[in-house]
Amino acid sequence: MKKIFAFLLFIIPLFGEDLSYQAIYKSLKSNSLSEQIAFYHLYPNTVEGKKALHQSWKLLTHDDTQVLPDNLLPKLDPQFFLAFITKKTMAQPQDMSEKQIEFINVLSQHFKNRKLKGHYISTEQELFELPLDQIDLSKDLLIAQLGSSKENQKKIQSYEAYLDLMALHIQAKLSKNPTDLDIIYGINDLIFHEMHFRYPSHSSCCKQIDAYTFLSSVIESRQGVCLGVSILYLSLAQRLGLSLESIT
């Protein structure tokens, strides 16, 4: 709770002695999913808290006409959504519940990678048979890295859900018809300024280059070498419909 309150104080201007929750609410960015969820978590029983919850739902669905469903809570777990942004490292994939994965997946069905055959494969053999224009980069790299055992399928779904959640945070700040440059600014802002992904120390990346290259470990540690962060960047861009190429 202290971390969440500190996070909310950090993102609002100073009000001096008049730091009431109404003043805090007025300072929230209407397109910031993190701020709206943080406020709701702290003041769930206030009129402003309920407004923040409705706004969070609109940002998650990217639809102003969406009615807040009666069964949204506890599917929308404020602590989980906020920890995702504020923690220095991600939770391990096995810590994400099946309900959380399912909820995030439902919210993410409109992402462009859902139209690719590669999103629905589960084995390396299927991966090798895919046309290049049907590859879902994140899904297919995770399968290549982790394999297709039943245990690892849950891990892959969790990593995909983390990426979907990142894309949802980016989308919340975008207009209905963003330009390519808008999407690039959105990805940059989330990765480097909100979630603080960084290049690892030279000694660390020399000893464990794979740990900072594989998509799964980059997601967990929020550290990556050039290739690792580029893969993360491309995975988000693919979800948001932005066509990019990696240049070595």
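Helices (runs of 4 or more DSSP H) fully within region 1-63 that include at least 3 residues being within 18 Å of residue 170 (Cα to Cα) and modelled with pLDDT of 85 or more: 33-42, 47-61.
Restricting to region 180-230, name every residue that is part of a helix (DSSP H, G or I) and in contact with a Ser or Thr (Cβ under 8 Å, 6 or more places away or on another chain). Passing the criteria: 182, 194, 210, 211, 212, 215, 220, 221, 227, 228, 230. Per the conditions (1) in contact with an Asp or Glu (Cβ under 6 Å, 6 or more places away or on another chain); (2) modelled with pLDDT of 90 or more, the sole criterion not satisfied by residue 130 is (1).
Taking the condition closer than 19 Å to residue 32 by Cβ and open to solvent by 70 Å² or more (accessible area, probe 1.4 Å), does residue 202 pass?
Against the criterion (closer than 19 Å to residue 32 by Cβ and open to solvent by 70 Å² or more (accessible area, probe 1.4 Å)), residue 202 does not qualify.
Every condition in (1) open to solvent by 50 Å² or more (accessible area, probe 1.4 Å); (2) touching a helix residue (DSSP H, G or I) at 6+ places or on another chain (Cβ under 7 Å); (3) under 17 Å from residue 216 (Cα atoms) is met by residue 173 except one, and the failing one is (3). Restricting region 123-138 to residues that are over 25 Å from the mean Cα position of the chain (by Cα) and in a helix (DSSP H, G or I), the residue that is surrounded by the most Cβ atoms within 10 Å (Cβ to Cβ) is 126.
The values are calculated or read from the model by the stated rules, or taken from the named source; none is laboratory data. Note that this is a predicted model, so its numbers are computed, not measured. Backbone-built Cβ (ideal geometry, glycine too); neighbour counts: all protein chains shown. The protein model used for the area step is the full one, side chains on, heavy atoms only, and it has no ligands, DNA or RNA in it. Shrake-Rupley method; radii C 1.70, N 1.55, O 1.52, S 1.80 Å.
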